[in-house]
């Protein structure tokens, strides 16, 4: 009698195991992946490497779907192996993306700083050309206009320096390119005027 | 335990296990299943929408889709904590369908908005570029308004920045820059055009003055001097026939009438030479003093003073001359008419005390002037 009761207990236990036991949720990996994605976001990866960040987001979503899909399954059938592997990949991807974004941001920063230096040199060249430019009829009026335009460029370059200091390299890039284009056109205008005078 | 009893017990255990297992399988197969396929599809749609820059161009729709997707995932998680048989994925399904719909709509809208912005902005760029050119051609060198010149420069820089953003496909960044550029240049053109129209309202009067002066020259077989400020010309007529068209320079505020001393404006009116100066009597090679202010200038000055437009202490000024020292290419005098020394010799040759000098804003209409500047 006692033995048959024990046997029944084993059976009930087995049934309980069958219905409740399951694979362990990869919570640690999930937390690590989420933290990694947030860290990538913090260095503006979504701005500087938008396509890569989108792919990372997709992978994280995919892992979440995999987890919930497993959770929907019959306990004994659950396996978080794939989800876990994907979460580890996401964590690695996010860490790489974070580093890449920092590098990219630095590249843009250097590019903008170089463009700023280049445009400042162009401004200096234009100032030298202004000194050489013909001052005859109409020339002086045109020179005055160029000087005021150059003052506008210099004001933009001051704005660019502030934007670089504030870390807004994308906006700085647009402004410095515009300033460079304008300065180049002023330079060309002056060079043409000087060349004309030499030909005369 | 006998072998028979042990066999019986084993059979019972097997039966119980089979029954439980079978029951559970039946229960599981009868319970609801999550719409995994739709969820995967939705995830893909959202990814596509993000790639299509829906966050930029269909932000509300993408946000709705992402919220619905997030809620669906939460609902899925909730249902997964329930006992198989009591799981209900209808709300999850509903949320996923909503996310799918909104995501697809966001993707479509983003692509359409980008296409339309690409096209529409190209048109606006052309319009603003035209306005910038128009400003540079018609108002760029005119002493109209310092603020307007500043606005033009700002508009030009904004235009260039907008073009950079357009070239890199950041259309949303283009819009505020281009709109501000268009507004600034549009306002500058409008204000300056209005100022010029008001100024050119005197064209009939100027034409009458010039015609009468030339007729007088013809009738009296004498020389006259006509100054056209807009054309920057000083004409010498003899016996009603133009014999010289000389380049002339004026005061920095040459558009408009001269109102008071030190306003750097060149007067408009009918005057005559009162004195001829040369050698040590002038700093500008040779000079013809004219009788500014005339009666009309005095009357206008008095009226403006009465209205409080001119301070009581300010005087009307004088010593307006046609003199040499010109050819600088800019308007630099305090209100006089300057020509080059060589040209001044011509002026001096043809002028005498009493020679009529008529100074007008323009001999052409504003439309004619602007058409010739194109």
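Could you check residue B:237 against (1) surrounded by fewer than 21 Cβ atoms within 10 Å (Cβ to Cβ); (2) without any contact (Cβ under 8 Å) to a residue 40 or more places away in the chain; (3) farther than 22 Å from residue B:300 by Cα and say which number it fails?
Status for residue B:237: all satisfied but (1).
Per-residue answers, yes or no, for (1) farther than 26 Å from residue A:56 by Cβ; (2) in contact (Cβ under 8 Å) with a residue 40 or more places away in the chain; (3) surrounded by fewer than 18 Cβ atoms within 10 Å (Cβ to Cβ); (4) within 56 Å of the chain's Cα centre (by Cα):
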{"position": "B:22", "(1), (2), (3), (4)": "yes, no, yes, no"}
{"position": "B:25", "(1), (2), (3), (4)": "yes, no, yes, no"}
{"position": "B:37", "(1), (2), (3), (4)": "no, no, yes, yes"}
{"position": "B:70", "(1), (2), (3), (4)": "no, no, yes, yes"}
{"position": "B:77", "(1), (2), (3), (4)": "no, no, yes, yes"}
{"position": "B:81", "(1), (2), (3), (4)": "yes, no, yes, no"}
{"position": "B:95", "(1), (2), (3), (4)": "no, no, no, yes"}
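Taking strands (runs of 3 or more DSSP E) that do not extend beyond the range B:244-351, which have at least 3 residues that are surrounded by fewer than 17 Cβ atoms within 10 Å (Cβ to Cβ)? Can you show your working first?
Values: elements: B:269-278, B:286-290, B:321-323.
Because the criterion is at least 3 residues that are surrounded by fewer than 17 Cβ atoms within 10 Å (Cβ to Cβ), the strands (runs of 3 or more DSSP E) in the range B:244-351 that meet it are B:269-278.
Scan the range A:167-187 residue by residue and report those that are without any contact (Cβ under 8 Å) to a residue 60 or more places away in the chain, assigned to a helix (DSSP H, G or I) and closer than 18 Å to residue B:168 by Cα.
A:171, A:174, A:175, A:178, A:181
Can you tell me which residue among A:153, A:112 is at pLDDT 95 or above and within 30 Å of residue A:47 (Cα to Cα)?
On the way: A:153 fails: at pLDDT 95 or above.
The conditions single out A:112.
Determine whether residue B:182 is buried (at least 20 other Cβ atoms within 10 Å of the Cβ), within 11 Å of chain A (Cβ to nearest Cβ), touching a helix residue (DSSP H, G or I) at 6+ places or on another chain (Cβ under 8 Å) and not in a loop (DSSP other than H, G, I, E, B).
On the way: buried (at least 20 other Cβ atoms within 10 Å of the Cβ): yes; within 11 Å of chain A (Cβ to nearest Cβ): no; touching a helix residue (DSSP H, G or I) at 6+ places or on another chain (Cβ under 8 Å): yes; not in a loop (DSSP other than H, G, I, E, B): yes.
Answer is no for this residue.
Could you go through the range A:117-138 and let me know if any residue there is away from chain B (no Cβ under 14 Å), within 24 Å of the chain's Cα centre (by Cα) and farther than 30 Å from residue A:28 by Cβ.
Yes, because at least one residue in the range A:117-138 is away from chain B (no Cβ under 14 Å), within 24 Å of the chain's Cα centre (by Cα) and farther than 30 Å from residue A:28 by Cβ.
Counting just the residues of the range A:143-169 that are farther than 13 Å from residue A:116 by Cα and in contact with a helix residue (DSSP H, G or I) (Cβ under 7 Å, 6 or more places away or on another chain), which one comes out nearest to the other protein chains (Cβ to nearest Cβ)?
Here is the first cut: in the range A:143-169, the ones farther than 13 Å from residue A:116 by Cα are A:143-152, A:166-168.
Next, only the ones that are in contact with a helix residue (DSSP H, G or I) (Cβ under 7 Å, 6 or more places away or on another chain) stay: A:143, A:146-150, A:152.
Working: A:143: 9, A:146: 11, A:147: 11, A:148: 7, A:149: 6, A:150: 10, A:152: 4 Å.
This residue is A:152.
So, residue B:372, is that one assigned to a loop (DSSP other than H, G, I, E, B) and more than 17 Å from residue B:224 (Cβ to Cβ) or not?
Values: assigned to a loop (DSSP other than H, G, I, E, B): no; more than 17 Å from residue B:224 (Cβ to Cβ): yes.
Spelling it out, it is not the case that residue B:372 is assigned to a loop (DSSP other than H, G, I, E, B) and more than 17 Å from residue B:224 (Cβ to Cβ).
Restricting the search to the range B:152-175, which residues are buried (at least 22 other Cβ atoms within 10 Å of the Cβ) and at pLDDT below 90?
B:152 - this is the single residue of the range B:152-175 that is buried (at least 22 other Cβ atoms within 10 Å of the Cβ) and at pLDDT below 90.
The values are calculated or read from the model by the stated rules, or taken from the named source; none is laboratory data. In this text the structure is predicted, and so the values were computed from the model without any measurement. As a convention, Cβ positions derive from the backbone with ideal geometry for all residues, glycine included, and neighbour counts pool all protein chains shown.
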